[in-house]
Amino acid sequence: MAGFNPTKDESNADYTGKLRTFSVAASHATALAPGDCVVLTGTADANGIAGADAAAAGSAFTGVIAGVDPIYSGENLSTTALPASTAGTIKCHVAQDLVYEADCSATLNAADVGLNVDIVATAASLTGGLYRSNMTIDSATKAVTATLQFRIVQLLTDENGDNLGSRALVRPNETTRQAGALGI
């Protein structure tokens with residue numbers, strides 16, 4: 001698993017079609033891959049599409065990358081990410097009620113459900129020919145603080161069905177579209 005992956009929304013409904021297009025300027029410093037959290041930059045491209053870049057830990061974010069539009073120059077159609085220093089457009093999940101599955105930087109406990117957490121904003125990397133998001137939940141930031149980026153909804157096990165709390169379901173808390181709420 002890599003990054004933040006949508007599973008459903010709070011009502012258990014499908015999340016299909018809840019995407020928005022953002023432009024990314026050639027000045028961005030890291031590769032952007034599906035599963036990465038992004039934030040608005042306050043700029044737009046020549047077509048008026050709002051600009052976005054990788055989100056940082058500790059500040060409001062806008063959405064999570066679902067995909068990268070192909071770059072047709074040089075026939076770069078197999079790239080699964082937007083490489084650093086390359087202008088392009090991305091499709092992002094922006095709905096406030098989406099629930100994401102994500103890895104935790106350290107194991108969470110049952111008492112942590114309902115608390116808020118920030119992300120570990122590690123740049124995407126190339127692995128086996130595909131770019132992979134490396135963003136995770138920063139378990140060390142768990143608190144009731146309203147300005148933390150995600151709310152812990154449920155604990156999950158690892159891929160082998162072991163180690164409860166190594167992954168979690170989270171939903172957006174502090175975003176550029178909505179102020180965060182205190183954790184429970």
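Worth a mention:
- Accessible surface, the range 13-161, averaged per residue in Å² (probe 1.4 Å): 44 Å²
- Residue-by-residue Karplus 3J(HN,Hα) for the range 80-96, coefficients 6.51, -1.76, 1.60, Hz, glycine and proline x: 8, 9, 9, x, 3, 6, 10, 6, x, 10, 10, 9, 10, 6, 10, 5, 5
- Accessible-area composition of the range 129-184, carbon plus sulfur, in percent [1.4 Å probe]: 52 percent
- Legend: P(r) of the chain from all alpha carbon pair distances, 5 Å bins from 0, whole percents, reading 1, 9, 17, 21, 20, 15, 9, 5, 2, 0, 0.
- Paramagnetic reach from Leu126 in the range 28-67 [backbone N under 17 Å; point 7 Å along Cα→Cβ]: 29-34
- Size of charge dipole - the range 1-59 - debye, nearest 20, with Cβ of Lys, Arg +1 and Asp, Glu -1, no other charges: 20 debye
- Distance between modelled label sites at Asn163 and Ala29, nm, 7 Å Cα→Cβ extension: 3.0 nm
- Loop-resident chymotrypsin sites (Phe, Trp or Tyr not before Pro) (DSSP state other than H, G, I, E or B) in the range 31-103 with no more than 16 further Cβ atoms inside 10 Å of their Cβ: Tyr72.
- Cα pair count fraction exceeding 15 Å, expressed as % - the range 77-129: 69 percent
- Modelled spin-label separation between Gln178 and Thr7, with each label point placed 7 Å from Cα along the Cα-to-Cβ direction: 1.8 nm.
- Between Lys142, Lys91, Lys18, the residue with the greatest mean-square fluctuation in the GNM of the chain (Cα pairs under 10 Å linked by springs) is Lys18.
The values are calculated or read from the model by the stated rules, or taken from the named source; none is laboratory data. Predicted, not measured: the structure shown is a model, and the values here were computed from it. With ideal geometry, Cβ positions are generated from the backbone for all residues, glycine too; neighbour counts draw on all protein chains shown. Side chains included, ligands, DNA and RNA excluded: accessible areas come from the protein's heavy atoms. Shrake-Rupley method; radii C 1.70, N 1.55, O 1.52, S 1.80 Å.
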